[in-house]
Amino acid sequence: MTVLAAFVAAVIIPAIPATVSAQTTVRQRLQGRVPAQVQRVVERLARDATRKGLPVDPLVQKALEGGAKGVPAARVVAAVQALAGRLETSARAIRAAGSPEPSAAAIEAGAFALSTGIEEGGVARIVRASRSVHAPEVPLRVAGAMAALGVSGDQTVELLVRLIETDRPAADVLSLPGQVEAGVSRGMTPTEAAGAAARAKPGRGRPPERPKKPRNSKP
Amino acid sequence: VSRPFDPLIRRVLDGELDVAALPPELRREAEAALRLLQAVDRAPVTLPAALDDRVMAAVRQRANRRGSRTWRWMVEPHEVRVRVRRWMIGPALAAAAALALLLARPQDPVVAPVAASATTDSVLVRFVLYAPDARQVTLAGTFNEWDPEGTPLVRATTVETAEVGGGIWTTTIALPLGQHQYAFVIDGQRWIADPAAPHVDDGFGRTNSVLSIDLGGRTL
């Protein structure tokens, strides 16, 4: 047996079914749901994503979403490409934070946080702070939800990092978006609601009270 | 048309017989054949002295090329001798089993269909929308491959909902842990985000609602 034949038999042939299977799955999921142009681009992006260790499912989902909503092909392609870029940025940020092999869930959560206005450095800070305390996707999803509720990216990152570094219970971290939402429903701005949530006592995890307005002092 | 020489004429051409020894009827043909043979230039061919060197230089250069050596190493057959020892059998079986397990596992879990949501790691979530004028409301999102007809809501008809004109639509589905984006579809055409959940830009100029189910089935 030649070395070439041995290499083909041992490495390439076993790899073919996996690659073909993944591509077939992507093709099958998109078939009839999106225009052919979108399908071609997504299949190529999916191959790139697999090669880079990024999750493929979000790309397929975004294409399906565009197809279901009747969005023009060019716009669907642009959205899928933008998402692919965010997934790559997210993976880079998480790796920079000391997690060399981030999970698909963590990368996707980081991309979600980026889409809501959290910076790449903010993603890295949150992951770095949460190591050995939480799986990175948990605080990243919280960060994305906070930013989606209108809290600025910087304030969200500061608040989360402080809570995690002061060993606040996981329930406190998870309840942050709910507290902000409740504060906003009581008439607070998202910034005020986030500030109030940060000042809440550990383990409370309940909606913050609206701050009392100072009485006007008479001259 | 060509025909072979008579064997006697061939012997003359080879110098084994004299023409005079041939029968008279063959002599003329034999003399013609001898004349043809004498016309051929039988002087030895001499090659230029530098030709050998040029050819050998080209051969050596080709043999020394790295890619060529590697390619030859890969495509030329090699003799491989395998001596199986008893102590090797255990590790070899273990390696084969590990390889089989590796190849048999799902290749790309992230591209698996989301339909299998009713697993042990799923949570029942109730979706509610107030849409009094709607004739049909459905739910589409990452959990059902954005199928706008996959998850219909039903109009709630309890005593409590009668107070709001029966415009409350609801459904309860099992969702896997993780993050989901979704929207309601009214009458098969109008996509609206859930007013009771955080919104994010969907990349198409609209918004999606976001639902995260994390530790202990807690939603964000």
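Quick notes
- Of the solvent-accessible surface of the range A:60-128, computed with a 1.4 Å probe and all protein chains present, 51% belongs to carbon and sulfur.
- In Hz, Karplus ³J(HN,Hα) per residue of the range A:140-151 (6.51, -1.76, 1.60; θ = phi - 60°; x = Gly, Pro): 5, 5, 4, 4, x, 5, 4, 5, 5, 7, x, 6
- Accessible area, probe 1.4 Å, largest first, for residues A:V180, A:V71: A:V71, A:V180
- Shielding of peptide A:86-98 by partners, expressed as the average count of other chain Cβ atoms within 10 Å per residue Cβ, is 0.
- Report note on the peptides B:200-213, B:24-37, A:112-125: ranked by the mean count of other C-beta atoms within 10 Å, highest first, their order is A:112-125, B:200-213, B:24-37.
- Summed over both chains, the area buried between A and B is near 3400 Å², taken from the accessible surface of protein heavy atoms with a 1.4 Å probe.
- With K and R counted +1 and D and E -1, the other residues having a Cβ less than 13 Å from that of A:G110 yield a net charge of +1.
- In order along the range B:196-203, the phi-based Karplus estimate (6.51 cos²θ - 1.76 cosθ + 1.60, θ = phi - 60°) of 3J(HN,Hα) comes to 9, 9, x, 10, 9, 4, 8, x Hz; Gly and Pro are listed as x.
- Segment B:R135..B:R155, full-extension length gain: 6.3 nm, with 0.36 nm per residue of separation and the alpha-carbon distance subtracted.
- Inter-chain Cβ neighbour average for residues A:63-71, partner chain, 10 Å: 6
- Ligands, DNA and RNA aside, B:E76 has an accessible area near 90 Å² when probed at 1.4 Å.
- Order by protection proxy (mean Cβ within 10 Å, highest first), peptides B:53-59, A:58-64, A:77-83: A:58-64, A:77-83, B:53-59
The values are calculated or read from the model by the stated rules, or taken from the named source; none is laboratory data. None of the values given here were measured: they were computed from a predicted structure. All Cβ positions, even for glycine, are placed from backbone atoms using ideal geometry, and neighbour counts span all protein chains on display. Heavy atoms of the whole protein, side chains included, go into the accessibility calculation; ligands, DNA and RNA do not. Shrake-Rupley method; radii C 1.70, N 1.55, O 1.52, S 1.80 Å.
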